[in-house]
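Written below as C-alpha cells is the structure these notes are about.
The values are calculated or read from the model by the stated rules, or taken from the named source; none is laboratory data. Remember, it's a predicted structure, so these values are computed and weren't measured experimentally. Cβ placement follows ideal geometry from the backbone for every residue including glycine, while neighbour counts extend to all protein chains displayed. When the accessible area is computed, the model is the full protein with side chains, heavy atoms only, and any ligands, DNA or RNA have been set aside. Shrake-Rupley method; radii C 1.70, N 1.55, O 1.52, S 1.80 Å.
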Amino acid sequence: MKIAALLGAAVAALAVSTASATVRIKADPGGQIGPYLENLAVLRSSGERVVIDGPCLSACTMLLGVIPRERICVTSRARLGFHAAWHPGDDGRPVTSRAATQLLMDIYPQHVRSWIKVHGGLSPKMMYLAGHDLSAMYPTCQ
C-alpha cells in the first residue's frame, strides 16, 4: 500500500515546465525508491534535460520512466544497472521485495520492460544496459 501511495504521489507531482539546464549523471549508485521518486518528480517538473554519462544504477534507472524520453540522452560511458528491489531482513541481509520490484517494472517504459524481460527479468543480480542496446533506445548526446 505504501508503494502505491508513493507512486501516486510521484505521478501527481509530475507537472511539466520548461528549463534550459542540464543534469549530468556520471556515477549514481541508486538508493531507496521513495526518495528517488520524489527527486525525480522535481527533476521532471523542472524541465531539465538529463545526460546519462556514466553508471546509473538501481533506483537511478527509474528516471527512464519519470523523465520524458525526449529529455534523456546517453553518452558512450552510460551504463544502466537494474536489479530487483530489496529491503534488509531481520538478519540485515537483503530480502527481495516483490511489491517494490513490481513498482519498478511499472515505472519503466515498455521498451525497457521488454529489454529486462528478454534478459531474464529483475533478480538480485545486477544486469546492465549499455552500448548499442542503450543507444538504440535513447539518443546519443550531442
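Can you tell me which residue within the stretch 68-89, out of those that are of a type outside the set (A, V, I, L, M), open to solvent by less than 10 Å² (accessible area, probe 1.4 Å) and without any contact (Cβ under 8 Å) to a residue 60 or more places away in the chain, is farthest from Asp106 (Cα to Cα)?
Gly81
Which of the residues spanning the stretch 36-59 are open to solvent by 40 Å² or more (accessible area, probe 1.4 Å) and either without any contact (Cβ under 8 Å) to a residue 24 or more places away in the chain or touching a helix residue (DSSP H, G or I) at 6+ places or on another chain (Cβ under 8 Å) (or both)?
Selection gives Tyr36, Glu38, Asn39, Arg44, Glu48, Arg49.
Any chance the stretch 7-29 includes a residue that's open to solvent by 40 Å² or more (accessible area, probe 1.4 Å), under 25 Å from Met126 (Cα atoms), in a helix (DSSP H, G or I) and modelled with pLDDT under 95?
The answer is yes; a qualifying residue exists.
Name every residue in the stretch 24-35 that is touching a helix residue (DSSP H, G or I) at 6+ places or on another chain (Cβ under 6 Å) and hydrophobic (A, V, I, L, M, F, W, C), in order of residue number.
Listed by number, the list holds a single entry, Ile33.
Given the criterion under 11 Å from the mean Cα position of the chain (by Cα), open to solvent by 20 Å² or more (accessible area, probe 1.4 Å) and at pLDDT 95 or above, identify the matching residue among Gly65, Gly120.
Gly65
Within the set of pairs 6 or more residues apart or between chains, which connect a residue that is more than 25 Å from Glu70 (Cβ to Cβ) inside the stretch 117-142 to a residue that is surrounded by 12 or more Cβ atoms within 10 Å (Cβ to Cβ) and acidic (Asp, Glu) with Cβ atoms less than 6 Å apart?
Between residues of the stretch 117-142 that are more than 25 Å from Glu70 (Cβ to Cβ) and residues that are surrounded by 12 or more Cβ atoms within 10 Å (Cβ to Cβ) and acidic (Asp, Glu), there is no close pair.
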